[in-house]
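*Asks:* Here's a structure for you.
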Amino acid sequence: MSGQGLFIAFEGGDGAGKSTQVRLLAAALESLGREVVVTRQPGGTPLGAEIRDLVLHGNHVSPRAEALLFAADKAHHVDQLIRPAMDRGAVVVTDRYTDSSVAYQGAGRDLGAVEVHDLQMWAVDSLVPDLTVIVDISAEEGRSRRGEVHDRLESEADTFHEAIRHHFLAMAQGSPERYLVVDGTLPSDEIHAAVMGRLTSSGLLDGGAA
Ligand SMILES: Nc1ncnc2c1ncn2[C@@H]1O[C@H](COP(=O)(O)OP(=O)(O)O)[C@@H](O)[C@H]1O
Ligand SMILES: [Mg+2]
């Protein structure tokens, strides 16, 4: 089977519950007989893992260099992992994708969301997810869930995280047919049910079962 692949992205702030939902969705889709490829950005390939280390744990990275590093990760990731998986009919579920780069680098770091969006779209050769789920929580809730663990981006102030949150919500509002916004303070199983409900009602799960 080919051409039946599905591409689903989870976006939202640190601590929102993205990784939790990625795990729940992957298990549910596997139990429906689908091949599921779970990945994350940055870091879904060996090269991506090195880029992730450079960007998240290095010393100061200039904003444009940071945007290019994230774009380089995406370009490699889409070409080496995501497109091939979709071509053989798999469901690819990614923990962050282009919207995170646009929100963090564009809105959060004054580079210009439109510029970063255009750079990202070039990098991924215009591959847009079939569905992007925004797991929405306040900056305060995110910080309390993250506890004491910080990397360079996570230690930014709440105002930075609130700016990012509003950017995610604005992107969803601009293309409601491609987005689902879920309240990240709901119990995990309720959020998961909402995601499954949307995938079912929109027909995205039709025609791809093994
Ligand atoms: N719906 C939820 N309600 C309450 N706590 C949650 C929920 N989803 C995840 N968590 C908890 O919040 C923390 C961050 O979750 P995680 O899935 O790692 O978030 P992210 O990947 O977005 O950073 C974890 O301790 C997780 O158990
Ligand atoms: Mg996570």
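The values are calculated or read from the model by the stated rules, or taken from the named source; none is laboratory data. All of these numbers come straight from a predicted model, not from anything done at the bench. Because the Cβ atoms are built from the backbone with ideal geometry, glycine has one as well, and the counts that use them run over all protein chains shown. For accessibility, only protein heavy atoms count, side chains too; no ligands or nucleic acids. Shrake-Rupley method; radii C 1.70, N 1.55, O 1.52, S 1.80 Å.
*Asks:* Based on what the data block shows, is GLU30 more than 16 Å from ligand 2 (Cβ to nearest atom), out of contact with any helix residue (DSSP H, G or I) (no Cβ under 9 Å at 6 or more places or on another chain) and at pLDDT 95 or above?
*Replies:* Yes: the conditions hold for GLU30.
*Asks:* While we're on this one: Please go through (1) among the charged types (D, E, K, R); (2) at pLDDT 95 or above; (3) away from ligand 2 (no atom under 16 Å from the Cβ) for ARG23 and return the number of the only condition it doesn't satisfy.
*Replies:* (3)
*Asks:* Kindly evaluate LEU186 against the criterion of being within 15 Å of the chain's Cα centre (by Cα) and either basic (Lys, Arg) or within 16 Å of ligand 1 (Cβ to nearest atom) (or both). If you could, list the steps in order and put the result at the bottom.
*Replies:* On the way: within 15 Å of the chain's Cα centre (by Cα): no; either basic (Lys, Arg) or within 16 Å of ligand 1 (Cβ to nearest atom) (or both): yes.
No.
*Asks:* Hey, can you tell me all the residues within region 37-55 that are open to solvent by less than 30 Å² (accessible area, probe 1.4 Å) and within 16 Å of the chain's Cα centre (by Cα)?
*Replies:* VAL37, THR39, GLN41, PRO42, GLY43, GLY44, THR45, GLY48
*Asks:* A further question follows. Any idea which residue in region 15-31 is nearest to ALA163 (Cα to Cα), counting only those that are open to solvent by 10 Å² or more (accessible area, probe 1.4 Å), over 11 Å from the mean Cα position of the chain (by Cα) and within 12 Å of ligand 1 (Cβ to nearest atom)?
*Replies:* Only one residue fits best here, namely GLY15.
*Asks:* Still on this model: Which condition breaks for ILE8 when tested against (1) in a loop (DSSP other than H, G, I, E, B); (2) among the β-branched types (Val, Ile, Thr); (3) surrounded by 23 or more Cβ atoms within 10 Å (Cβ to Cβ)?
*Replies:* (1)
*Asks:* Continuing with the same structure: Say we look at region 78-121 and pick out the residues that are in a helix (DSSP H, G or I) and β-branched (Val, Ile, Thr); which of these is most open to solvent (accessible area, probe 1.4 Å)?
*Replies:* VAL114
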